[in-house]
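The values are calculated or read from the model by the stated rules, or taken from the named source; none is laboratory data. On a predicted model such as this, the values are computed, not experimentally measured, just so you know. For neighbour counting, all protein chains shown are included, and Cβ atoms are generated from backbone atoms with ideal geometry for every residue, glycine included.
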Amino acid sequence: MSYTVYILECADGTYYTGITTDITRRIEEHNHSPKGAKYTRARRPVTLRYHEKHPDKSHALKREMEIKRMKRSDKQHLVHKDRVS
């Protein structure tokens, strides 16, 4: 089973990083369900800005922690690097 590490941009401009096995379901939960993270529930709507696949949960969790430790400017670089002009 593959995992996706993702970065969401919240309505207030902040970023949220997480992992999931189903990105579509998880974004729906962040935007509309009580199952969304407490952080994003207070900052809806959220928009997917970046994602990357990993072969297993261990790799995904390690990458999630790397991203969470990044400065905002480094996260912005990831987000903008992934956008198509």
Worksheet item: Counting just the residues of the stretch 10-62 that are of a type outside the set (S, T, N, Q) and touching a Cys at 6+ places or on another chain (Cβ under 7 Å), which one comes out farthest from L78 (Cα to Cα)?
Response: R43
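Could you please let me know if A42 is in contact with a helix residue (DSSP H, G or I) (Cβ under 8 Å, 6 or more places away or on another chain) and of a type in the set (G, A, S)?
The answer is no for A42.
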Worksheet item: Of all residues in the stretch 9-40 being in contact with a strand residue (DSSP E or B) (Cβ under 8 Å, 6 or more places away or on another chain) and either farther than 19 Å from K57 by Cα or of a type in the set (K, R) (or both), which is surrounded by the most Cβ atoms within 10 Å (Cβ to Cβ)?
Response: H30
Practice prompt. Answer with yes or no whether V46 is at pLDDT below 95, among the aliphatic types (A, V, I, L, M) and either surrounded by 13 or more Cβ atoms within 10 Å (Cβ to Cβ) or in contact with a Pro (Cβ under 6 Å, 6 or more places away or on another chain) (or both).
Written response: no
Practice prompt. Output the residue which, of all residues in the stretch 56-85 that are at pLDDT below 95 and among the aliphatic types (A, V, I, L, M), is farthest from the chain's Cα centre (by Cα).
Written response: V84
